[in-house]
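The values are calculated or read from the model by the stated rules, or taken from the named source; none is laboratory data. These numbers come from a predicted model, not from an experiment. FYI the Cβ positions are ideal-geometry reconstructions off the backbone, even for glycines, and counts take in every protein chain you see. All accessible areas refer to the heavy atoms of the entire protein, side chains included, with ligands and DNA or RNA removed. Shrake-Rupley method; radii C 1.70, N 1.55, O 1.52, S 1.80 Å.
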Amino acid sequence: EERARLLRGQSVQQVGPQGLLYVQQRELAVTSPKDGSISILGSDDATTCHIVVLRHTGNGATCLTHCDGTDTKAEVPLIMNSIKSFSDHAQCGRLEVHLVGGFNDDRQLSQKLTHQLLSEFDRQEDDIHLVTLCVTELNDREENENHFPIIYGIAVNIKTAEIYRASFQDRGPEEQLRAARALAGGPMISIYDAETEQIRIGPYSWTPFPHVDFWLQQDDKQILENLSTSPLAEPPHFVEHIRSTLMFLKKYPSPTNTLFPGNKALLYKKNEDGLWEKISSGN
C-alpha cells in the first residue's frame, strides 16, 4: 500500500519518443539493460486494464505488458517465458512483479482481472515477489459518485528499474495497425526482438470486423457506451481512437496481402535520433 501511495502521489511525466518502446493493449515487450536502442518501456490508456511489469533483479530483464483480461491464464506464462529467455539460471536475483491499473468500475471487471493476475502469478513454479500493487480499489478515485482510475499509464526505465506515472504522445510505430489487431480480437503477442533491437509487426490476419459500417454511423455516445468496458472513465481521445481503428478495419478487411506484402513482417529499428525507422521487410 505504501508503494501504491507513493506512485499515486507522483505527477504524470510526459515521455518523449526517444528510446521509448510503447506497448499497446494485448502486447508485451521485453528487453534488458544491455539494449542499445530502448531505455523505456511504457503503456497508458488503461481503464479496467492492468499494466504488468515483471523484472529479474539479477540481469535486469524487464517485461511490460498491457492486459485486458481476455485470456490471463495464457498470458501470464507468456510473460514468464519472455523473461526466462534472458535468464541464465546461475544468476542471483529474484523475479519482481508490479501491477498497476483498474479502478472500482460498475461491472467489477478490474477486480476480476486483479484476481486473475494474482492467482495466475501465484500458480507459477518460480518465486515471484509482488513489489507494487496499485490496482482496482488502490487506484480508484471518486468524483460526483462516479469512479475513475487515478493512474492510467506507467513507464519503466530499463536501466534504473524506476517505475513512474507517464503519458505518451507517440504510440507508434504502426499505431493503427496494432490497435486494429487488438480490436479484431488478436491474442497477446510479443512485439520486440531484443537481440536485433527491432520491433516486429505481423504478419497479422483478421476476419472482417462485424457490422463495421453500423458502428461507424453511431454517435460518440453510442460508441463509448458499447465499445468501452468503462464509458465514464475513458480518456478524452477514446472515441476518436476507436473510430480511426474501425476505419482502418473497414479499409483493410483482410490485411494479409495488403499490409504485409509477401506476407512478411514489418520491421522497425531506432535511428540515431532514437526514433523508429522502417527497415526492409522481414521474413
Legend entry - In region 69-95, the residues that are assigned to a loop (DSSP other than H, G, I, E, B), touching a residue at least 60 places away in the same chain (Cβ under 8 Å) and within 19 Å of the chain's Cα centre (by Cα): Thr70, Asp71
Legend entry - Pick from region 49-80, criterion touching a Pro at 6+ places or on another chain (Cβ under 9 Å), among the small types (Gly, Ala, Ser) and surrounded by fewer than 24 Cβ atoms within 10 Å (Cβ to Cβ), ranking: nearest to Thr31 (Cα to Cα): Gly60
Inset, instruction - Just give me the residues in region 39-48 being in contact with a Gly (Cβ under 8 Å, 6 or more places away or on another chain), open to solvent by less than 10 Å² (accessible area, probe 1.4 Å) and not in a loop (DSSP other than H, G, I, E, B), in sequence order. - result: Gly42, Ser43
Legend entry - Any hit, region 187-197, residues being open to solvent by less than 60 Å² (accessible area, probe 1.4 Å), in contact with a Ser or Thr (Cβ under 8 Å, 6 or more places away or on another chain) and not aliphatic (A, V, I, L, M): yes
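Here's the yes/no breakdown for (1) at pLDDT 95 or above; (2) within 19 Å of the chain's Cα centre (by Cα):
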site	(1), (2)
Arg181	yes, yes
Gly186	no, yes
Arg200	yes, yes
Phe214	yes, no
Leu246	yes, no
Inset, instruction - Would you mind telling me which numbered condition in (1) open to solvent by less than 60 Å² (accessible area, probe 1.4 Å); (2) of a type outside the set (Val, Ile, Thr); (3) more than 21 Å from the chain's Cα centre (by Cα) Tyr268 fails? - result: (3)
Legend entry - Candidate set: region 97-129, residues that are of a type in the set (Val, Ile, Thr) and open to solvent by 10 Å² or more (accessible area, probe 1.4 Å); chosen: the one nearest to Ala61 (Cα to Cα): Ile128
Inset, instruction - Return the residue satisfying two criteria in turn: it lies in region 238-255 and is without any contact (Cβ under 8 Å) to a residue 60 or more places away in the chain and open to solvent by 40 Å² or more (accessible area, probe 1.4 Å), and of such residues it is nearest to Gln169 (Cα to Cα). - result: Glu240
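Yes or no: Pro235 surrounded by 17 or more Cβ atoms within 10 Å (Cβ to Cβ) and either polar (S, T, N, Q) or not in a helix (DSSP H, G or I) (or both)?
On the way: surrounded by 17 or more Cβ atoms within 10 Å (Cβ to Cβ): no; either polar (S, T, N, Q) or not in a helix (DSSP H, G or I) (or both): yes.
It is false that Pro235 is surrounded by 17 or more Cβ atoms within 10 Å (Cβ to Cβ) and either polar (S, T, N, Q) or not in a helix (DSSP H, G or I) (or both).
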Legend entry - Failed criterion for Val135 (all others in (1) open to solvent by less than 10 Å² (accessible area, probe 1.4 Å); (2) farther than 30 Å from Glu225 by Cα hold): (2)
Inset, instruction - With the condition kept exactly as written, say whether any residue in region 140-153 is in contact with a Leu (Cβ under 7 Å, 6 or more places away or on another chain), within 17 Å of Pro235 (Cβ to Cβ), charged (D, E, K, R) and at pLDDT 95 or above. - result: no
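Evaluate the following for Thr31: is it surrounded by 21 or more Cβ atoms within 10 Å (Cβ to Cβ), under 23 Å from Trp276 (Cβ atoms), touching a residue at least 12 places away in the same chain (Cβ under 8 Å) and in contact with an Asp or Glu (Cβ under 9 Å, 6 or more places away or on another chain)?
It is true that Thr31 is surrounded by 21 or more Cβ atoms within 10 Å (Cβ to Cβ), under 23 Å from Trp276 (Cβ atoms), touching a residue at least 12 places away in the same chain (Cβ under 8 Å) and in contact with an Asp or Glu (Cβ under 9 Å, 6 or more places away or on another chain).
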